[in-house]
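I have placed the structure first, in the form of structure tokens, so that the comments after it can refer back to it.
Quick note: the coordinates plus some simple rules give every number you see, no bench work behind them. All values reported here derive from a predicted model rather than from experimental measurement. FYI the Cβ positions are ideal-geometry reconstructions off the backbone, even for glycines, and counts take in every protein chain you see.
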Amino acid sequence: MNESDHTSIFRVDGNKKTGIEILRSGNRARCRFFGAWLISFERKEGINRDWQAFVRKNQSVESYNFEFGDELRWDSSLIVFLARVSKDFLREGKSVETERLPQGARRLLDLNRISSDSISSSPDRNEVEGFSQGLMGVLDFIAFFGEWLSSLVMAISGKSSMRMRDLLEAAKSCGASALPIVTLISFLTGLTMAFVGSVQLEKFNAKIYIADLVSLAMVREMGALMVGIIMSGRTGAAFAAEIGNMKLNEEIDSLRTFGISPMEFLVLPRTLALFLMAPLLTVYADVVGILGGLTVGTQVMDFSSLHYFEQTQSALSSIWEVFSGLLKSLLFGLVIGMVGCYKGLSTGRDSAALGKSVTSAVVMSVTLIVVCDAAFEIIFSYLDLR
Amino acid sequence: MNDCVKAIDVSNLSLGYGSSLVLKGVTFSVKEGDCLVIMGGSGCGKRTLLKSLIGLLTPRSGSILLEDRNLWESSIKKRKEILKSFGVLFQGGALWSSMDLVENISLPLREYTNLRNREIRELARYKLSLVGLSGYENYFPSELSGGMKKRAGLARAMALDPSILFFDEPSAGLDPITSRKLDELISELKQSLGMTFVVVTHELASIFAIADDAIFLDADTQTLLDQGKPAYLVENSMHDRIRQFLKRGLLSN
């Protein structure tokens, strides 16, 4: 068993050989690395297989001595290889000699050895059960609403740190700036309803009732609903993103350290602005929607404008029709503002969490709007308000 | 002087944002395997210079050569090749928050190499162990402390074994012991891997500990005032401002 032999394990990349040259004599082996052991060298896996085959075949070898060839180019992928190999050898009780390695490589190997002793652990992310998490969310939201009410009282009694300028700024950005999109959406809603309705009404030869249909539907239902949905996507998401980003930047914390309540300073102006702007936008949407119906009525059905308006007027003879829509829109505005701000304030600590809270702000406010709308209709019909 | 290889060669560089000029006529070079510190008071354009060195800010004029290649005058393919040759440690670590540490380090490896999954994970784990973060492979950045984030950022910057590493204020927000450990890690890596380091900092202790060479930027003249080893500059610089900058720290030490 004392004979010596010479093995070479290598792969060719381009026209260069990369691998290990092994000189075995008795139970000692000298391994010399040559070529380019770089991350970009893709055929290391093959060398690794051959190497393991060699080690299995030569179980009698007890001591491995590593050295680098003169022309060797190497980076951390070789260190990783050496670290893995020597760990295996040490476990099997074989000895590994690294004295002949350059100092830099030896140091990197040692650095790795020291730190790999530290315990491997995984963070404990205990998954809170869905139900209790949901319940906590509801309780949190109720607490948020309570705090909002108390800061509203403070604001009304003039003791709040809310700045009037913030309120006006928020009102402008969620009210006036939303006019173009509200115009487009509600005009098209009125137009579409008129087209769809006209086909049905024509069957009964009651085409002029298209004015009743469009005006009642817009005023009672669609105006508030459309404004609500636009506001959720536009303003609710913006609130959540803005406040959430402030939380990530620790701006909220810095407000708190100055004794300024984020509720009064950030949430109140935004929610109040939306609360006040939503009915105004709804009135506007109602008018534009009716004009959309009028366009179909005059251009497609050949009614005169005057005729159409008179019919609209008689349909809207009770002012309650308009008020019921506005009442809804007040609540919608409140819901959107509250949900947006709540989601922003309760966002997590990283940017992925911010994305999630913006998404859930929009989803939650749209859902709540539709639910509230249905609730309103049910209550109205039981109270004989229709 | 001519026989040493220049890792970075900047000549007559001017930088600015929009209509405002921040730096002009900046010329310096960094020898391979050296650690250059970019220092200067707040608002002197340290970060701006770093941003243009790493390819985030287009220079107004002048040239930047990284290992004799110009990042700003290269084709997209060539540019990727150059980008691969350096790593950047951002101030807060800038780890991607939706990925755990192993994934953070694996991403550049996946992008630039055709290694197998197992090899990539092994390399990533090794890089983490180099910066003393073994066992934190599956942590998300939000679950780490500031110092750990920074070290993880360093591991990611080293993912592709770059020949140049850029550091943006490595010691900002770290306690003195942690920041000294980071300095030691930098020296360790410099000696073992022979990397070139460019460090933006105004932490005096760090400057004296790690710098082989330093440049001083000045906000008033909007240019580079002096270049040299900090220990030499502190006594022999022609500029009062530099001696003052470096001495204040010595007095308070």
Practice task
Check the straight Cα-Cα distances from residue B:78 and name the lysines below 28 Å, setting aside those fewer than 8 residues away within the same chain.
Solution key: A:16, A:17, A:44, B:6, B:24, B:31, B:46, B:51, B:127, B:190
Exercise for the section: For chain B, return all DSSP H helices satisfying: extent of Cα atoms along own axis at least 24 Å; mean Kyte-Doolittle hydropathy at least -0.5. Expected result: B:176-193
Exercise for the section: Starting from 0 in steps of 5 Å, tell me what percent of the Cα-Cα pairs of segment A:291-386 lands in each bin. Expected result: 2, 11, 14, 12, 11, 12, 12, 10, 6, 5, 3, 1, 0
Handout entry: Two-decimal log10 I(q)/I(0) for chain A, as the Debye equation yields it once each C-alpha is a single scatterer, q = 0.11, 0.13, 0.14, 0.15 Å⁻¹
Key = -0.83, -1.03, -1.12, -1.22
Exercise for the section: Per DSSP H run of n ≥ 4, the term is -39500 (n - 2.57); total these for chain A, divide by its residue number, and report the mean residue ellipticity at 222 nm rounded to 500 deg cm²/dmol. Expected result: -21000 deg cm²/dmol
Practice task
From zero up to wherever the largest Cα-Cα distance of chain B sits, split into 5 Å bins and tell me the percent of pairs in each.
Solution key: 1, 6, 13, 17, 19, 17, 13, 8, 4, 1, 0, 0
Fill in the blank from the handout: Filtering GluC sites (Glu not before Pro) in segment A:185-251 by DSSP loop and by at most 12 other Cβ atoms within 10 Å leaves A:250
Exercise for the section: Considering Cα pairs under 8 angstrom that are at least six residues apart, work out the relative contact order of chain A and quote it in whole percent. Expected result: 16 percent
Handout entry: Shielding by partners - mean other protein chain Cβ count within 10 Å, residues of B:188-195
Key = 4
Handout entry: Between segment A:186-222 and segment B:80-127, the Cα center-to-center distance that results, in Å
Key = 60 Å
Completion exercise
Rounded to the nearest 10 degrees, the helix A:237-248 long axis (Cα) sits at an angle to the longest Cα principal axis of chain A of 40 degrees
Fill in the blank from the handout: For the protein assembly as shown, the charge dipole (Cβ of Lys, Arg +1; Cβ of Asp, Glu -1; about the Cα centre) points to a positive end, and the Cα of A:237, A:142, A:153 closest to that extreme belongs to A:237
Problem - Ranked packing of A:360-368, A:23-31, most packed first, by mean Cβ within 10 Å - result: A:360-368, A:23-31
Completion exercise
Output field shielding_mean for B:132-145 (other chain Cβ, 10 Å radius) holds 4
Handout entry: trypsin sites (Lys or Arg not before Pro) lying in DSSP loop within segment A:239-317, provided at most 10 other Cβ fall within 10 Å
Key = none
Exercise for the section: Take every DSSP beta bridge with both residues inside the protein assembly as shown and express the antiparallel ones as a percent of the total, to the nearest 5. Expected result: 55 percent
Handout entry: Charge dipole (debye, nearest 20) of chain A; +1 at Cβ of Lys and Arg, -1 at Cβ of Asp and Glu
Key = 1200 debye
Handout entry: Most to least packed among B:178-187, B:12-21 [average Cβ atoms within 10 Å]
Key = B:178-187, B:12-21
Problem - Prolate/oblate/rounded label for segment B:36-162 (Cα gyration tensor, a/c 1.5) - result: oblate
Problem - Ranked by how many other beta carbons lie within 10 Å on average, peptides A:69-77, B:196-204, B:144-152 from highest - result: B:196-204, B:144-152, A:69-77
Completion exercise
Share of Cα-Cα pairs in segment A:184-237 beyond 17 Å, whole percent, is 42 percent
Completion exercise
In degrees, nearest 10, the alpha-carbon axis of helix A:103-115 is tilted away from the dominant principal axis of the alpha carbons of chain A by 60 degrees
Handout entry: Phi to ³J(HN,Hα) by Karplus 6.51 cos²θ - 1.76 cosθ + 1.60 over segment A:268-277, Hz, x for Gly, Pro
Key = 4, x, 5, 5, 4, 4, 5, 4, 7, 7
Completion exercise
Using alpha-carbon coordinates alone, the radius of gyration and Dmax of segment A:71-115 in Å work out to 10.6, 32
Exercise for the section: Sequence neighbours fewer than 8 away in the same chain don't count; with that in mind, list the lysines whose C-alpha is under 20 Å from residue A:94. Expected result: A:57
Handout entry: Highest-fluctuation residue, A:82, A:294, A:188 considered, GNM on chain A with Cα pairs under 10 Å
Key = A:82
Fill in the blank from the handout: Inter-chain shielding metric for B:119-125, i.e. average beta-carbon neighbours from other chains within 10 angstrom, reads 4
Practice task
Quick one: work out the % antiparallel among DSSP beta bridges in chain B, nearest 5.
Solution key: 55 percent
Problem - Counting all C-alpha pairs of segment B:1-106, share separated by more than 21 Å (%) - result: 44 percent
Problem - Nearby lysines by direct alpha-carbon distance to residue A:343 (threshold 30 angstrom, same-chain neighbours under 8 apart not counted) - result: A:159, A:172, A:247, A:328, A:356, B:149, B:150
